[in-house]
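The values are calculated or read from the model by the stated rules, or taken from the named source; none is laboratory data. Quick caveat, the model's predicted, so the values are computed rather than measured. Ideal geometry is used to build each Cβ from the backbone, glycine not excepted, and the neighbour counts take in all protein chains shown. Heavy atoms of the whole protein, side chains included, go into the accessibility calculation; ligands, DNA and RNA do not. Shrake-Rupley method; radii C 1.70, N 1.55, O 1.52, S 1.80 Å.
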Amino acid sequence: MIIPVRCFSCGTVIADAWEEYKERTDAGENPQQVLEDVGLERYCCRRMLLSHRETIDEVRQYSI
Amino acid sequence: MNVEVLDVDDREIRLRVENTTAGEMNALRRTMMTEVPSLAIEDVTIYDNRSALFDEVVAHRLGQLPVPTDPNLFAEWDPHADLDAQTEEGEGAILYTLTFEGPGTVRAKDLTPATEDEGVEIADPEVPIVKLGRDQRLMLEATASMGTGEQHSKWQPVVAVGYREVPTVEITGDLGLSAEEMSELDEMAPEDAIDVDGGNVDILDEVAAHDFLYNVDGRPELENVEYGEEEGAFFFRFETDGSLSPKTALRQAIAILDEKLSAVHEEAATLQA
């Protein structure tokens, strides 16, 4: 739905890295490089962004 | 016990500890995770939520935000008091209000502290809480109160706490490599770990060299390399979520551990028959 606030495994706050990650990878940058730049070192935190699909933009159109 | 700070910044610290045991390192690690108190949002009153997320999801996201914690609160805080009573009485509690009209992204920085005290803004201000569309609105009050990681992990001020033995590696003789394998090894090795010069291998950084030689798959088979660890020496490292500085978290953990052990010590003294 929306990017989780924290990494499920270690508890690092990762939500504030999502927008930069999304923008830069959409522009064609290598995810590995972006993840390093936003300071996510561990693979538990990196998978939070790598595997995320943001659906709230679609869902919110149908709120009552 | 001998402690050296290798590296510290506002969220991360690395220590080298000597003359200790894995047991002591683990006691410190577990104390940091479960017993060092910090602030986190515990009570949320939602007045209006027309967003795509349910009230409880919004409240859950708010709970996970790192709230800067004044170290002076530690002295006043009683870990055994009833949690509900603490929130109501508000020992160190911070009230935040939030009103946001869509469209737009509600962020942690939109939480406005109701106090004029400084340094109570959420530590990671850009965290998105929810995205609102047109005609959507979020209005709420949130109260941050003290708690420990033992109660809920949102109160755990530290992240990725860990320790490892200080490794050693020694090349005691000929590695038994052909010239071809030697250049293969050189190519695979991280720059700071080892230096391969013809048939000779120099260890540049013992930890990096150990990790490379000991762990890497697919490297040529090596002879005459001895791996070990320094007696009683550990690397201890952790990060904080921004609610406390690493040094404050460490000091507080040590104080809590010290207090607990003193209690056992005093009790034990009365046992002598």
Next on the checklist: Being open to solvent by less than 80 Å² (accessible area, probe 1.4 Å) and not in a loop (DSSP other than H, G, I, E, B) is the filter here; which residues of the stretch B:197-226 pass it?
Outcome noted: B:V201, B:D202, B:I203, B:E206, B:V207, B:A208, B:A209, B:H210, B:D211, B:F212, B:L213, B:V225
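So in the stretch B:239-252, with the set limited to residues that are in contact with a strand residue (DSSP E or B) (Cβ under 8 Å, 6 or more places away or on another chain) and either assigned to a helix (DSSP H, G or I) or not charged (D, E, K, R) (or both), which one is surrounded by the most Cβ atoms within 10 Å (Cβ to Cβ)?
First, pick out the residues of the stretch B:239-252 that are in contact with a strand residue (DSSP E or B) (Cβ under 8 Å, 6 or more places away or on another chain): B:239-244, B:246-247, B:249-250.
Next, from what is left, pick out any that are either assigned to a helix (DSSP H, G or I) or not charged (D, E, K, R) (or both): B:240, B:242-244, B:246-247, B:249-250.
Numbers: B:T240: 28, B:G242: 21, B:S243: 25, B:L244: 26, B:P246: 23, B:K247: 14, B:A249: 24, B:L250: 23.
Across the stretch B:239-252, the extreme among qualifying residues is B:T240.
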Item to check | First in the stretch A:31-59 and within 19 Å of B:T240 (Cα to Cα) and within 12 Å of chain B (Cβ to nearest Cβ), second anywhere and open to solvent by less than 40 Å² (accessible area, probe 1.4 Å) and of a type in the set (S, T, Y), Cβ under 6 Å, 6 or more apart | outcome: A:C45/A:T12
Checklist entry - Regarding B:A81, is this residue modelled with pLDDT under 95 and of a type in the set (A, V, I, L, M, F, W, C)? => result yes
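Looking at B:E170, B:E181, B:E165, B:E187, can you tell me which residue is assigned to a strand (DSSP E or B), over 30 Å from B:D10 (Cα atoms) and of a type in the set (D, E, K, R)? Outline the logic, then answer.
Values: B:E181 fails: assigned to a strand (DSSP E or B); B:E165 fails: over 30 Å from B:D10 (Cα atoms); B:E187 fails: assigned to a strand (DSSP E or B).
From the options B:E170, B:E181, B:E165, B:E187, the qualifying one is B:E170.
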Item to check | In the stretch B:7-31, the residues that are in a strand (DSSP E or B) and surrounded by 12 or more Cβ atoms within 10 Å (Cβ to Cβ) | outcome: B:V8, B:E12, B:I13, B:R14, B:L15, B:R16, B:V17, B:E18
Item to check | Scan of the stretch B:129-156 for residues that are surrounded by fewer than 20 Cβ atoms within 10 Å (Cβ to Cβ) and not β-branched (V, I, T), ordered by number | outcome: B:G133, B:R134, B:D135, B:R137, B:M139, B:E141, B:E150, B:Q151, B:H152, B:S153
